[in-house]
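Q: Dropping a structure here in structure tokens format, bear with me for questions.
The values are calculated or read from the model by the stated rules, or taken from the named source; none is laboratory data. Predicted, not measured: the structure shown is a model, and the values here were computed from it. Glycine gets a Cβ as well: all are built from the backbone with ideal geometry, and neighbour counts include every protein chain shown.
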Amino acid sequence: MSNQIFCKVNKEMCDAVKAIAGDRIVVDCGAGRGLFASMYDGKVLSIDIHQPDEPLSFIIEKNAEHYCFPRNSIPIFIRPCHSNFVHNTILKNRNKFDKAIYVSLPKNLDGDLDDRFYKITQYSEWEGEEGERIYLVELNKPKESFSYLPGKIIHFADPMLSYLVETQEQEFKESVESPLEDRGILIDGLRLTLTDMYPRGEKYDYLFFDYGGMSIGNSLMESLCREIVKDADMFPNRTYIVVSTFTSYAMKDAKEDFGKDLPNVFLSIGDFVTFYKRLNQLA
């Protein structure tokens, strides 16, 4: 991977970012070698689709468009590549944060951002070595209210990804996070674990289970459904949610074979959300 640094970060720039972010977690999207994190005096996560050969700070290998952003975070894009990922990342997470920070050349604004969806203003008088500026991107406040799902969350899915899906992060984004968000529920990325191994012995509050249509009739999936049913009976304070329609058929059979009511096992995200909202209204 390239070790080129496209923007020379300095203290004045970091101070301006700190003034915007406050105590929020700054997520450096497309962090490259991680220069910003190595200089920023605050909470920061660095993500990039590639690991650099010579990192300057810790880099998490994630695609920003599919990344599950933490609660109380703000993304920053520093001289990003021009592939629409800045605009796409902001729009896909518009209910999670109200601001984003964009650092680049003025000529790149029109290609990377779209002011039809948010307000863009230059922030501070800072100017980089090549003429970079800091821009504050302000999103419209969501019309509906959102709440974060509390507790530790595990997404347990088979390694056979859905058609046109490249990573488990994208699978989770499209099959779990987005459907929940459409129903007013957000996921804190710092409380999320993605795995293709059943989390035996781990502590968690919610398990989203997705073994897909490729596994119908598969003894492994049926065995896992039976194990989940037993765990649900053993741990009534945990919640188990089936993600795919095909998996729900096997889980329904496992519940019937178990012969005992399990109110903490849901055969769809929709069923879970209905119960979750009703429970919160009663609380």
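Q: Can you confirm whether region 171-185 contains a residue that is basic (K, R), touching a residue at least 24 places away in the same chain (Cβ under 8 Å) and under 24 Å from S145 (Cα atoms)?
A: Here is the first cut: in region 171-185, the residues basic (K, R) are 173, 183.
Next cut, touching a residue at least 24 places away in the same chain (Cβ under 8 Å) only: 173, 183.
Within this subset, residues satisfying the condition of being under 24 Å from S145 (Cα atoms) are 173, 183.
Yes: region 171-185 contains one or more residues that are basic (K, R), touching a residue at least 24 places away in the same chain (Cβ under 8 Å) and under 24 Å from S145 (Cα atoms).
Q: Go through (1) in a loop (DSSP other than H, G, I, E, B); (2) farther than 16 Å from A157 by Cα for K255 and report which single condition fails.
A: (1)
Q: Which helices (runs of 4 or more DSSP H) does region 7-117 wholly contain that include 2 or more residues that are at pLDDT below 95 and more than 20 Å from the chain's Cα centre (by Cα)? Step through it out loud before you land on a result.
A: Values: elements: 11-21, 35-39, 85-92, 109-112.
Result: 109-112.
Q: Just checking, does region 234-243 include any residue being in a helix (DSSP H, G or I) and in contact (Cβ under 8 Å) with a residue 24 or more places away in the chain?
A: Going through region 234-243, the residues in a helix (DSSP H, G or I) turn out to be 234.
Pick out the ones that are also in contact (Cβ under 8 Å) with a residue 24 or more places away in the chain and you get none.
No, every residue in region 234-243 fails to be in a helix (DSSP H, G or I) and in contact (Cβ under 8 Å) with a residue 24 or more places away in the chain.
Q: Next up: Which of (1) part of a loop (DSSP other than H, G, I, E, B); (2) modelled with pLDDT of 95 or more does E166 not meet, given it meets every other one?
A: (2) is the only condition that E166 fails.
Q: Can I ask one more? Hey, does region 200-221 have a residue that's surrounded by fewer than 15 Cβ atoms within 10 Å (Cβ to Cβ), over 26 Å from the mean Cα position of the chain (by Cα) and at pLDDT 95 or above?
A: Pass one, region 200-221, residues surrounded by fewer than 15 Cβ atoms within 10 Å (Cβ to Cβ): 200-203, 213-214, 216-220.
Filter once more, so that each one left must be over 26 Å from the mean Cα position of the chain (by Cα): 216-220.
Now narrow it down to the ones that are at pLDDT 95 or above: none.
The answer is no; no qualifying residue exists.
Q: Check off (1) surrounded by 14 or more Cβ atoms within 10 Å (Cβ to Cβ); (2) part of a helix (DSSP H, G or I); (3) of a type outside the set (D, E, K, R) for L262 and give me the number that stays unchecked.
A: (2)
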